[in-house]
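Rule-based calculations on the coordinates, nothing more; no lab input. As the structure is a computational prediction, the values presented were derived from the model and not from experiment. Cβ placement follows ideal geometry from the backbone for every residue including glycine, while neighbour counts extend to all protein chains displayed.
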Amino acid sequence: MSGRSLYKNRDALRSDYIPSKLPFREKQITSIGEALAPLLHGSKCSNLLIYGKTGTGKTAVTKYVLMRLEEKASKQGLKVKFAYSNTRIAGTEYRILSDVAQSLGLSIPFTGLAISEVFGRIKSTINSSELKIVLVMDEIDFLVRNYGDDLLYELTRANEQLPQGYLSIIGISNDLKFKEFLDPRVLSSLSEEEIVFPPYTAEELRAILYDRAKMAFFEDSITEASINLCAALAGSEHGDARRALDLLRVSGEVAEREGAAKVEEKHVRIAVQKIEQDRMVEALRSLPLHAKLLLWSIVSLGEANSTGEVYDRYSNICRKNGIELLTQRRVTMLLSELDLLGLIATNLISKGRYGRTKKISPSVQLQFVREVFKEDPVIGSII
């Protein structure tokens, strides 16, 4: 409390902070704006699918355009609203619809209602209030992979039951192959327009960080070299602006705790290690039960093992503890998710005329996983 703060506005380095200007995304802002512009004439607008790697500004740009759209519509006396749900954070179809209901001012209990009842109340409110709703579904691929595309199908068909209102959907995804999971009926009505966000270059990241650093830190509280290093490290990882901002924010926190006069390169290097460890802990904590059991099976086996060996270990753990087994197909999908999170590594090994086999190796240490999983009351008692 008694130490000097290096920050004048810490929030400026948060990934969900929307600045008044979003550099290097003018083209995408215009494209989304043009797609949604018919709403300002009282007409229906197209559904949108927005693609791009993590940290390319998809969510920030979408929220930025929708905030401007809502302001403009309000001045014109139009009933236009937007609802936002991150499907990964929401976790279930019920909670996604609950996010939509909340945006409309509807009070929905945390659990207890049928999904059809919640959806019915939402449609009734849209229709009776003659609202034009734009629903943003962030990480839409998570919803489809885990729950299928039934909810998406119902949402894309909702307008048939809304003579007085309208529902438009914007889906945001990191996965360019996301459409392969969709039923053709959903695909035809959902992806009316598509926008792809390219990664930022190292030079663009540097310019973005300079802008945010001016907003976030007091003058002379950060060196130019530390900003350049944050941009270079994030630029080498596919132009991830979110990682660059996190790195700059944590570097500042490291320097502040140390009582340093300014943020320097050494603080950035400490921040890199801290972020990586925190990311791993968060990834492990947020895994569902069967993914945790599967990962524990892999790390406890140790070296590279076949999918069959991993499934056998997982099956034994489930049977001993009275937990219902998942099918091998579902386990294969969970293995892909663990691979995507960087918690395991999978390699296809050729055995010549005996075909190929997949070998699975842990990317995290047994002791590290044990420490994090101890917090979970179910798996903690197993390990």
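For the reader, a short list of remarks on this structure follows.
- Computed label-point distance, nm, for sites L340 and I89 using a 7 Å Cα→Cβ extension: 1.9 nm
- Sorted by Cβ density within 10 Å, fewest first, the residues C230, C45: C45, C230
- With a simple spin-label model that places each label point 7 Å from the Cα along the Cα-to-Cβ direction, the separation between R279 and E34 comes to 3.5 nm.
- Couplings 3J(HN,Hα) of segment 10-15, computed from phi: 4, 4, 5, 9, 6, 5 Hz, in residue order, whole Hz [Karplus 6.51 cos²θ - 1.76 cosθ + 1.60, θ = phi - 60°; x for Gly and Pro].
- FRET efficiency for S15 and N316, using Cβ-Cβ distance with R0 set to 45 Å, rounded to 0.05: 0.65
- Geometric extent, Cα atoms of segment 201-283 - Rg, Dmax (angstrom): 11.9, 36
- Placed amide H near L135: partners under 5 Å, 5+ positions off or other chain: A83, S168, I169, I170
- From the largest down, the chain spans 64, 56, 46 angstrom on the principal axes of its Cα atoms.
- Fraction of the pair-distance distribution of segment 26-197 above 27 Å, Cα-Cα pairs, percent: 20 percent
- Computed 3J(HN,Hα) for segment 134-140, one whole-Hz value per residue from the Karplus formula 6.51 cos²θ - 1.76 cosθ + 1.60 where θ = phi - 60°, is 10, 9, 9, 10, 7, 6, 4, glycine and proline marked x.
- Residue pairs, from the table K63/K262; K177/K358; K8/K274; K81/K177, whose Cα atoms sit over 26 Å apart: K63/K262; K81/K177
- Cβ charges +1 (Lys, Arg) and -1 (Asp, Glu), total dipole of the chain, debye: 300 debye
- At full extension, K214 and A304 could sit 27.6 nm farther apart than now, given 0.36 nm per residue minus the alpha carbon distance.
- Cβ-derived FRET efficiency at R0 41 Å, D183 paired with T111, nearest 0.05: 0.90
- Over all distinct Cα-Cα pairs of segment 287-382, the Kirkwood formula returns a hydrodynamic radius of 13.7 Å.
- Taking amide H atoms as placed 1.01 Å from N in the peptide plane, the amide H of E194 lies under 5 Å from those of L49, each 5 or more residues away in sequence or on another chain.
- Summing Lys and Arg as +1 and Asp and Glu as -1 over all other residues whose Cβ lies under 12 Å from the Cβ of P163 gives a net charge of -1.
- Environment charge at T125 (Cβ cut-off 15 Å; Lys +1, Arg +1, Asp -1, Glu -1): +2
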